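Visitor: Attaching a single structure in C-alpha cells format; questions to follow.
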Amino acid sequence: MASITPINTATDTPSSAATKTNANELAINTELETNTTATDLNTTATDLNTTAIGLNTTAIGLNTAKVTNANHTGDVTGATALTIGSKKVTLGMMEDGVGGELITYDASGVAAKVATGTADQVLTSNGVGAAPTFQDASGGGSVLLTREFTTGETWTPITGLTSDTIVQLTSDTTAGTFKIFIDNVLNNITENSVNLFKVTSSVVIEAIDIISNIDEASYASKSFSVSSQDTDPQSVAFNTNGTKMFIVGGGNDTVYQYTLTTGFDVSTASYASKSFSVSSQDTAPRSIAFNTDGTKMFIVGGGSDTVYQYTLSTGFDVSTASYASKSFSVSSQEAFPQSIAFNTDGTKMFIVGTISDTVFQYTLSTGFDVSTASYASKSFSVSSQDTDPQSVAFNTNGTKMFIVGGGSDTVYQYTLSTGFDVSTASYASKSFSVSSQEAFPQSIAFNTDGTKMFIVGGGNDTVFQYSIPSSGVEGLIAIAQ
C-alpha cells in the first residue's frame, strides 16, 4: 500500500532566509566594488598632488636663481643670472689653482686661467680677444740677447729705438769687469741680479776685463820646444796680440824672440833669429816683462836680486834692446826673486820669490821706470799653497792673481778685493795641475782675454798651451717691451 509523505512547512522559512542571505552578500559585494572605485579615485588624487609638488620644485629652482641679500651654497641654476655685490667674492672663495696661474677672459668673455710659465718667460699679449700667455722672451714682441765677452770688446745690442723700452740686464760679473751705457750714460748693474732700465735710444756694453777661473782650464794639446835656443827656460812673455813670444833662458842668460803666425797659438811658433844677452847685468835671469808697447823690457835676476830695465828702439824687437842703466834691488824683501809683474800703467810692480814664498808690492812714481820704485809695505804669503812659487801673473784689472808653484806643479788662483793690492788678496780655492805636461814649471802667461794660458818649464824645455772657457758675462740682456 502506498504511503504519502506529508509536507513540512517549517522548511519554507529557512529557504527564505537563505535567499536573504544571498541578497545581503550581494549588497556587501556591491559595497566592496564601490569602495574599490573610491580607492582608485584617491589614487588619482595622489597622482595630482605629486604633480603639484613637481611644479613647486621647479618654482623653487627659479627662486634660487634670484636669491639676494642671503647666503647661498651649492650650484645656481635657472635662466636668470645671479647678481653678486661689489667686492663680495674673496680670493679664498675662488676656485683652487696652481701657484703662478693668472685669471683672464677668453675671446667669448668667459673667465679662463693663464697657465703658469717657466723661469725667464714673460707674460705676453696675444691681441684683443685672445688670452695672454707666458712665452719665451724671444716671442711676443720681446727679444732675448746673450753674449760672452772677450776683454776690450764693445757690443751694441740695442740701438735706434723710437720709444721708451724696458730693458732687463742680468749679469754674472764674477769673471770680469764691464761698463753699461744706457742712452750714452754710464750705469752700474748689480752682480748676479736682475736690473731694469728705461731705454730711449741705445744700450752699449764695454768689456773691461774678462777672464775665467783657472780650475776650468784644459790642455790644448799645443806646444813648442825652445830647447834649440836654451835648455833652461825660465820665463815666457808675449806682445799684446800674441804674434811674438819671448823666452829668457838661464842656460845662456839670453832673451830669445819667436814669431807666431797665428796670435797666441804656440803650434805656429818659429824662432825669429833675434836675441839679446843680459849677462852683463845678471848671470841668473829668472823672469821677463814688457811695458804695453814693448819699448821697455825688464829682467829680474836671481844672482843680484835686482830688477833691470832695458830700452827697445823698436817695440817688441829684442834685437834693438839696450841696457837703460836703471835698476832696483828687491833684496830687502826677497833674496831669491823668481818672477816680476806690473799693473797696466806700470805704477805698481810685484815680485815673488822662493825664500819667503811671498808676493811683494812696490810703487813706481813714474810708470815703468824702476829707478822710481819703492817698497809699498804690502805683501801676501802663498806658502799655504806652495813653498816653491816660481811665477806670478794678474788679470788686467788686478782682481785675480795667479801663482805657479814648483813644489806641486800647480797654478793657484787668488782674489783681490781691491785690484792690484796684494794686501787684499785671499786664496780662491781654485787650482789647476800642469804636472801632466811639465814637472818643473817656471813661468806662467795669459793672452789678453784670459782664455789661453801658457806654461814653460825646465823639465821639457817647452811652452805648453792651455784653454780656459770664456764665461765672463753671459745671459746678459733680456729685453721686454
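Coordinate-derived values only; no laboratory data. Just so you know, these numbers come straight off a predicted model, no measurement behind them. Note that each Cβ is placed from the backbone with ideal geometry, even for glycine, and that neighbours are counted across all protein chains shown.
Visitor: Before anything else, pin down the relative contact order of region 317-461: Cα pairs under 8 Å, at least 6 apart, normalised by residue count, whole percent. Provide the component values of the computation, followed by the final result.
Guide: On the way: 335 pairs, mean separation 22.5, N = 145.
Relative contact order for region 317-461 comes out at 16 percent.
Visitor: Which FRET efficiency value, to the nearest 0.05, is calculated for Asp164 and Val110 with the Förster distance at 41 angstrom and r the Cβ-Cβ distance? Provide the component values of the computation, followed by the final result.
Guide: Working: r = 34 Å, r/R0 = 0.84.
For R0 = 41 Å, the calculated efficiency reads 0.75.
Visitor: Count the net charge of all other residues whose Cβ sits under 10 Å from the Cβ of Tyr310, scoring Lys and Arg as +1 and Asp and Glu as -1. Don't skip to the end; give the middle numbers.
Guide: Values: positive: Lys296, Lys326; negative: none.
Neighbour charge sum, excluding Tyr310 itself: +2.
Visitor: Tell me, in nm to one decimal, what length is gained between Ser426 and Ser218 on full extension, where the rule is 0.36 nm per residue of separation less the Cα-Cα distance?
Guide: Values: separation 208, 0.36 × 208 = 74.88 nm, distance 2.38 nm.
Net length gain for the segment: 72.5 nm.
Visitor: Using the Karplus curve 6.51 cos²θ - 1.76 cosθ + 1.60 with θ = phi - 60°, what ³J(HN,Hα) values do you get for each residue of region 355-360, in whole Hz, with x for Gly and Pro?
Guide: Values per residue, Gly and Pro as x: 7, 9, 6, 9, 8, 10 Hz.
Visitor: Further, regarding this structure: Starting from the amide H of Gly458, placed 1.01 Å from N in the peptide plane, find each other amide H under 5 Å away whose residue is 5 or more places distant or on another chain.
Guide: Phe440, Gln442
Visitor: Under the rule of at least 5 residues apart or a separate chain, name every residue whose amide H is placed under 5 Å from the amide H of Gly302.
Guide: Ala284, Arg286
Visitor: Also: Could you put Val300, Val110, Val255 in order, starting from the residue whose Cβ has the fewest other Cβ atoms within 10 Å?
Guide: Values: Val300 32, Val110 9, Val255 25.
Going from least to most buried by this count: Val110, Val255, Val300.
Visitor: So which of Lys244/Lys348; Lys296/Lys400; Lys274/Lys400; Lys198/Lys452; Lys179/Lys430 end up more than 30 Å apart, counting from Cα to Cα?
Guide: Numbers: Lys244/Lys348 24 Å; Lys296/Lys400 24 Å; Lys274/Lys400 33 Å; Lys198/Lys452 38 Å; Lys179/Lys430 26 Å.
From Lys244/Lys348; Lys296/Lys400; Lys274/Lys400; Lys198/Lys452; Lys179/Lys430, over 30 Å: Lys274/Lys400; Lys198/Lys452.
Visitor: Related question: List the relative contact order of region 214-467 as a percent without decimals, with contacts defined as Cα pairs under 8 Å and 6+ residues apart. Walk me through the intermediate numbers first.
Guide: On the way: 740 pairs, mean separation 45.9, N = 254.
After rounding, I find 18 percent.
Visitor: Per the Cauchy relation, a quarter of the hull surface: what is the mean projected area of the convex hull of the alpha carbons in region 215-299, in nm²?
Guide: Numbers: hull surface 25.1 nm².
So the Cα hull casts an average projection of 6.3 nm².
Visitor: Quick check: pseudo-label points 7 Å beyond the Cα along Cα→Cβ at Ser331 and Lys179, how many nm apart are they?
Guide: 4.5 nm
Visitor: If r is the Cβ-Cβ distance from Asn187 to Glu101 and R0 is 45 Å, what FRET efficiency results, to the nearest 0.05?
Guide: Working: r = 35 Å, r/R0 = 0.78.
Calculated transfer efficiency: 0.80.
Visitor: OK, next. Say a paramagnetic label sat at a point 7 Å from the Cα of Ser267, along Cα to Cβ; which residues of region 437-468 have their backbone N under 14 Å from it?
Guide: 464-467
Visitor: Continuing with this model, one more query. Got a sec to turn the phi values of region 234-244 into Karplus ³J(HN,Hα) couplings, 6.51 cos²θ - 1.76 cosθ + 1.60 with θ = phi - 60°, whole Hz, x for Gly and Pro?
Guide: 10, 7, 10, 8, 10, 7, 5, 9, x, 8, 10
Visitor: Name the residues of region 397-427 whose amide N is less than 14 Å from a point 7 angstrom out from the Cα of Thr387 along the C-beta direction?
Guide: Residues 406-408 qualify, since their backbone N sits under 14 Å from the label point.
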